[in-house]
Every structure is written in C-alpha cells, then in structure tokens.
Amino acid sequence: MRINHSLIAAVFAAGALITFDVQAQNVGIGVSNPQSKLSVNGSTSSGGLAVGDSTYTSTAGTVAPTNGAIIAGFVGIGTTLKTGYGGRLTVVGDNSSGNETLVGFQTPTGGAAMLGPSLHFYAARGTEASPLSLVAGDQVGSIAFLSPVSTVAYGSFECNYNGGSNGTILIRADGAGRGGVGSVIDLSGATGNVGVNITTPIASLHVAGSSTINISGTTTYFSGGSASLSTASIASNGVGIYSEQNIWTAAAILATSGTITSSDSRLKNIIGHSDAVEDLNTLKKIDVIDYTYIDKVTCGDGVHKKVIAQQLEKVFPEAVTMHADFLPDIFAVADKVEGGDGGYVITTPNPHGIQNGERVRLILEKGGVLYLSAKVIDGAKFFVAFDKPLTGKVFVYGREHNDVRGVDYDAISMLNVSATQELAKKVEALEAENAELKAHANRLATLEARMEELEKSVSSQRNGSDTIRPVALNQ
C-alpha cells in the first residue's frame, strides 16, 4: 500500500519512542522527527546501537557506548563484499572521492600544543574479558600495503614487543611480510638504535648489506645567470651508505680498508706543480703539539700528537676550514633549573659568556640533547624556551660558534709529500756530491800510495849509494 500524504506515527512502550515517517520512509528510535532512514538517539542511558547475536543485543550489562555502536560482524564502507579482505572493517574508496582522511579539531588550553587525530593499536594475549600480558617477540600491530589481486605485502609498518616497556618499529619493503630479510628499517626502543636492512642494530645507525650504484643523467648548475650541463656516470660496487653531502661526526671515523677520495683529473682544473722548495719551508714552520681534549666523554682522555688549527692557519691557511659547531666552553652541570613562563631559567656555576640569541647545547641526565636559543638574564643565568618537562640534572655543554676551525690533514699530507720530494732531491744531490768526493778521495789515496812507493824507492837508492867505492879503470 502506498500513502501519498504525510503521516507520522509514534509508538510508545514503557517510555520508549519509535517513530515512523511514512511519507519520507524514515524510522526513528528515541527520535520524534527522524531525518534519516534510521535515526537512533544514543545519548540515553541505554547507549547507542547494538548489532549482533544475543551476546551483543540481549546479554545483561552489554550496552553500546553512548552515541556509538557495537557490531558483531563485518563492517564495510563503500563495498558490497560480505567478508571484505579478511578483516572486520573494510573501507573501499574510489578515485572520485579522494583519499580516506582522519580529521581532528581541538582548542588547546594553557599554551599546550594541539593533538591531531591518532590511531591506537591495543594488543594482548588471552581474551577481551581476560587479557594477558604480551611476551617478548609478540607483534603489537602492523599496517600492510597489498593489492587485491596478490597476497604479497609490498610494504608494511610493524610494531613488535621486546619486553619491559620496549618495542621495535619495523618499516618493511621486502614483500616477505613478518620475518622477511629484505629491505627493512628497524627502530629499536630498547637501545634507540636504527637499523637498515638489519633487525638487531648494534649502533645508533647500523647499515647492513650493500648494493651497486649506477648513476647517469644530466645535471644543470645555475651560477651567475648562466647554466652549464654535465652528464655523469658512476658505477661502484659494495656501497653501503651513499651521501650527496658532507658527513659530520663529533668522533673518529673507523675504516678497516682505509678511505678513498675521488681525484680524477677530469674533475679538476689543473694549475700546475706545487713549489716543493716553498712546501718544505712551510712544513718546517708547522708546530706539532701534544694535547688532550676538554670533552673526555666523547673524545677520551688520551694524549694526541697533531696540529692546532690557529697556528696552522698562520703558515698554511689552505689547510684550515671554518664551520659552525658547539664548543665545550661552559662544560658544567647547571646549579639550578627553574621552570618559568614557557621555558626554564638555567644557572651555571661560572660565568657562561653567552650572548643574547646564541644557541646552547644542553645534555639531559634522563637522556637526550637540546639545542636551544638563550636569552641572557645575567652573567650566570639564561632562559631557554622549552614546553616539555625537564627532569633530572642538565649539563650545559657550551655555546654555538660560527668560526670553529677544522684541519684538512690530507692537505698536510700532500704538503709533506711535496716537501719530502724536495728533501729527496737534496738527498740525491748530496749523495751524488758524496760519491764524487769519495771518488776524488780514492784518487788521492791512490796517488798517496804511489807517492809512498816512490819515496821508499828513492830512499832505498840513497841508502845503496853510500856503499859504492870508486874503482880505477886501468887497474
């Protein structure tokens, strides 16, 4: 039967309200004027919507959340599949609707930062009614990227439990799923280490495996309004880390097979041979100094025999560079760390020498390092803006300087090569001169020996003449 006029029927039973809008074909539960095909007032004490068997709908104490729902089976959005792709919730989008989006709105109070939308994964052994603790090695959750025509996971985010309060995040792109040994990034919560292609990193950054690099193409460099084009081709075997920029470290670089620097003539504009005589004079002016480091935690307490950049800069400036870095020029535990308006006031035991706006390096006793701009209060106090709690002691390492000197020891080595070559020339000249002197000495010795022989012969003849007596020929 079809009714063409507006008719709203209401059924009341024990305080419950069920509304039927016959013309609009809407049904309301707890709603007097339903605007949707099914409208449920879930703000009442009985909760929201429950869909499922008696466990979900009729069991005492099982109530849907206020303005929410509990659903026993599969939920599909944008799909007609009854079982989805093997999960309880399946969302299928199309190109016309764009990406699936999480949106969050918040009005922070007290200067706190806004928290955006988040997705939480909870995992436990046992059942929902009786959850049990995880065991080290259990997977807490994962997000996998697959195709509906393949069972291979092309990539995934995976969180594993390590025991205690530690976990590990794995980012995979190996197509092998959990336990794969292909391309993987490991973020270890227990150690803070990051592993690339290894799931047990033993250093802050541990890179395993290698690959062959083959790079070719055209690169354009713009300088002074002009463009120059160059084509580069690189083939290198066994590359573990490739960086297109400098690599900085506060400690040493340990290499088992040494270091190699590209020195192809095609990379350079050749000026000419170095002046070996001048290089030798320069080398003689370089002071070699014995010293120890102020920061013994990072650099150790051993004695080093090297050069000092400021002295080297006076005699061989080509081997000295400058960069920005933090120096241990305060290097003390703060006497006080007092929370203030949006930051902390830090008091040092000695005058800090900080200028307004300079950055300082702070090492936290509880772990972590901060690099913050300082506002000077007085000679021993400064303020840093930081909106997170600081617990434990704070070690004030020092200020950032823009003129920290560095030494190019390769340049000194090449200076030494040139100077050594000049010394080799001098040695060769001295050896030639020495050989000539030896030959001259040998000739003199030979002449001296001959002279001695002549002297002996003459002396012998003189001695024989004393015994000769004249004899008359006519006798």
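Approximating the spin labels as points 7 Å out from Cα along Cα→Cβ, the Lys425-to-Leu364 distance works out to 6.1 nm. Residue exposure proxy: Asp403, Asp408, ordered by other Cβ atoms within 10 angstrom of their Cβ from fewest to most, comes out as Asp403, Asp408. The H on the amide N of Gly42, modeled in the peptide plane, is under 5 Å from the matching H of Asn67, each at least 5 residues off or on a different chain.
Within the shell of other residues whose beta carbon sits under 14 angstrom from the beta carbon of Thr59, the net charge comes to -2, with Lys and Arg scored +1 and Asp and Glu -1. Backbone phi angles across the stretch 426-433, fed through the Karplus curve with coefficients 6.51, -1.76 and 1.60 (θ = phi - 60°), yield HN-Hα couplings of 5, 5, 4, 5, 5, 5, 5, 5 Hz in residue order; Gly and Pro are listed as x. With the cut-off at under 13 Å, measuring from each backbone N in the stretch 321-355 to a point 7 Å along the Cα-to-Cβ line of Ile294 picks out 325-333, 350-354. Here the spin labels are modelled as points 7 Å beyond Cα on the Cα-Cβ line, and at Ile77 and Leu267 they lie 5.4 nm apart. For Asn26, the residues 5 or more places off, or on other chains, whose built amide H falls under 5 Å of its own are Asp21. Distance check, please: which entries in Lys314/Lys425; Lys296/Lys388; Lys285/Lys314; Lys306/Lys426; Lys296/Lys336 exceed 18 angstrom between their Cα atoms? Pairs exceeding the cut-off: Lys314/Lys425; Lys296/Lys388; Lys306/Lys426; Lys296/Lys336.
Its relative contact order, with pairs defined as Cα atoms under 8 Å and 6+ residues apart, puts the stretch 125-211 at 17 percent. With a cut-off of 13 Å between beta carbons, the residues surrounding Arg450 carry a summed charge of -2, where Lys and Arg count +1 and Asp and Glu -1. Listed by chain and number, the aspartates and glutamates whose C-alpha is less than 20 Å from the C-alpha of Lys268, apart from same-chain residues fewer than 8 away, are Glu244, Glu318, Asp408, Asp410. Close amide H contacts of Lys306 (hydrogens built in the peptide plane, cut-off under 5 Å, sequence separation of 5 or more or a different chain): Ile289, Tyr291.
Taking a point 7 Å from the Cα of Ala332 along the Cα-to-Cβ direction, the residues of the stretch 376-395 with backbone N closer than 20 Å to it are 376-384, 392-395.
No value in this document is a laboratory result; all are computed from the given coordinates. Because the structure is predicted, anything quoted here is derived from the model rather than measured. No Cβ is skipped: glycine too gets one built from the backbone with ideal geometry, and neighbour counts run over all protein chains shown.
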